[in-house]
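Engineer: One structure follows; several queries about it will come next.
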DNA sequence: ACCTGAACACCGTTCAAGT
DNA sequence: ACCTGAACACCGTTCAAGT
């Protein structure tokens, strides 16, 4: 439970979870997830790779802690979007999630690959479900809407960050879809007609579109036909 | 372009893209993505690992081809959902995507980690955008809706397959969320109240809920207030 | 108590050389 | 033309031994 927690007298430890986590997130930002190895992290901490295993049982454990840490700054208080109804608050929370993932290189990949259940993740989820319940949604609808928005947001940001990394490093990869569509046999008439939008890099606008659809769907479900 | 394609006279090649792809997908199903290594795949083909690089430039290349192959069976013809309006067709296409990803272990992870632009992926996208355009949606809305549904579906299935694997292998991992929520200091009132839904394993129902929200949002956007 | 050193069992990728 | 053999530069993880 608290194996290396109470720093009894002795040599001051060069390692601890908090500092290691910080260094790991820095390394992630600088080099990306593929370059985040236990050995490189140990190097950055001035230690041998094996030493990390006193603080994290596995690399997966480290990644889970990183995912939890990424959401730590998210403001889940009501005041954060006080000036609005339930749909404004929901949108604010969803945008905060995307922003938190975007704040670190490969943030969405780290988050998608783990199952963090710490206070920042649960606090976010509780706030989200709370907004819907207090707006009068059924409990099961509120819970399912959480998954819809989180899965959409993670899926979107995964794509967004993949596109960002493909853009620098291989500047011509942006044209891959365009080429495949235009050079297409068979032809893709609908993709051709919508290519400008399909190849747009305005990810914020794209995210807002989908978020708006989901919230619009929730609105329709809450007030099946009347105006509240 | 067609380096090892035309089988000129000589020893019949033990390798080719199609057979290798098939074996790779089998291996994926049996052992999962983490166990799918170039060496193990080579073993399964009765060959040395280096030989694979005559057919796939990198492992990423192989994974992209696998992603494309996964969508090959998806029926994108109109008749597949002939008996319905645009929203029924859209739902059918979205369900087909989820089903195709679920058909292989870690299918969503493979798909999310690649950028396939082959005929089956583009065919799916073209059909999807086509349904919306023919239903009278604006071109840019149709294109953005494609991303919304695909990103949601991939995000959802990523979670679904992660939950499935966590379930067998560590049968008590299902209770992880429950424990974290109930043992929670601080408490999570809204998560506690909705725990049964949050811990449900009826992923089809969960998927349908989110899909319904998105389609509901599209409906509202198409007919801003009238009933069409 | 905390970390080193060294090992174990692997990886993806390259490439001269064989057939 | 197609594949082998062997190497290169790595991985995550474990664990006796040192301090």
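Readers should treat all values here as calculations from the given coordinates under stated rules, not as data from a laboratory. As the structure is a computational prediction, the values presented were derived from the model and not from experiment. Cβ atoms come from the backbone with ideal geometry, glycine included; neighbour counts cover every protein chain shown.
Engineer: Every other copy gets compared here: list the nm distances from the residue A:22 label point (7 Å along Cα to Cβ) to its counterparts, shortest first, one decimal.
Structural biologist: Ordered by distance, the counterparts are at 5.7 nm.
Engineer: Helix A:17-31 versus the longest principal axis of chain A: what angle, 0 to 90°, nearest 10, using Cα atoms?
Structural biologist: Once rounded, the angle reads 50 degrees.
Engineer: In Å, what Rg and Dmax follow from the Cα atoms of region B:166-206?
Structural biologist: 11.3, 32
Engineer: So how long is each side of region A:124-180 along the principal axes, counting just the alpha-carbon atoms, biggest first, in Å?
Structural biologist: Each principal axis gives a Cα extent; for region A:124-180 these are 49, 22, 13 Å.
Engineer: Find the Cα radius of gyration of region A:116-156, compare it with 2.2 N^0.38 Å by division, and give the number to two decimals.
Structural biologist: Numbers: Rg = 10.4 Å, N = 41, 2.2 N^0.38 = 9.0 Å.
Compactness ratio reported: 1.15.
Engineer: Ordered shortest first, which distances in nm separate the 7 Å Cα→C-beta label point of residue B:172 from those of the other copies?
Structural biologist: 5.6
Engineer: Of all the residues in chain B, which one has the C-beta that comes nearest the axis relating B to A, and what is the distance in Å?
Structural biologist: Axis-proximal residue of B, distance in whole Å: B:155, 1.
Engineer: Taking the simple approach of a point 7 Å from Cα along Cα-to-Cβ for both residue B:53 and residue A:200, what is their distance in nm?
Structural biologist: Between residue B:53 and residue A:200, the label points sit 4.2 nm apart.
Engineer: If you average 1/r over every pair of different alpha-carbon atoms in the protein assembly as shown and take one over that average, what Kirkwood value in Å do you get? Write down the numbers at each step before the final one.
Structural biologist: Details: mean 1/r = 0.0419 Å⁻¹.
Radius from the Kirkwood sum: 23.9 Å.
Engineer: Would you calculate a helix-derived [θ] at 222 nm for chain B, using -39,500 (n - 2.57) for each DSSP H run of n ≥ 4 and dividing by the full residue count, to the nearest 500?
Structural biologist: That calculation yields -19500 deg cm²/dmol at 222 nm.
Engineer: Another question about this same structure. Could you state the angle between the C-alpha long axis of helix A:203-222 and the longest principal axis of the C-alpha atoms of chain A, as a value from 0 to 90 degrees rounded to the nearest 10?
Structural biologist: Approximately 70 degrees, to the nearest 10.
Engineer: Given the C-alpha centroids of region A:51-125 and region B:59-138, what is the distance between them in whole angstrom?
Structural biologist: Cα centroid of region A:51-125 versus Cα centroid of region B:59-138: 30 Å apart.
Engineer: In Å and whole numbers, how far do the C-alpha atoms of region A:49-134 stretch along each principal axis, longest first?
Structural biologist: Taking the Cα atoms of region A:49-134, the three principal extents are 51, 23, 18 Å.
Engineer: Okay, next question. For helix A:119-134, what angle does its Cα long axis make with the longest principal axis of chain A, in degrees from 0 to 90 and rounded to 10?
Structural biologist: 30
Engineer: I need the inter-copy label distances for residue A:202: point set 7 Å along Cα to C-beta, values in nm with one decimal, smallest first.
Structural biologist: Result, one decimal in nm: 4.0.
Engineer: Beyond 24 Å, what percent of the Cα pairs of region B:77-221 remain?
Structural biologist: 42
Engineer: May I ask for the Rg/Rh ratio of region B:9-72, computed from Cα atoms with Rh as the Kirkwood radius, given to two decimals?
Structural biologist: Details: Rg = 11.4 Å, Rh = 11.9 Å.
With Rg and the Kirkwood Rh in hand, the quotient comes to 0.95.
Engineer: Build a GNM of chain B with springs between Cα atoms under 10 Å: which of B:164, B:90, B:198 gets the top mean-square fluctuation?
Structural biologist: Of B:164, B:90, B:198, the Gaussian network model singles out B:198 as fluctuating most.
Engineer: Would you look at the GNM of chain B, springs on alpha carbons closer than 10 Å, and say which of B:53, B:147, B:188 moves the most?
Structural biologist: With Cα springs under 10 Å in chain B, the top fluctuation among B:53, B:147, B:188 is at B:188.
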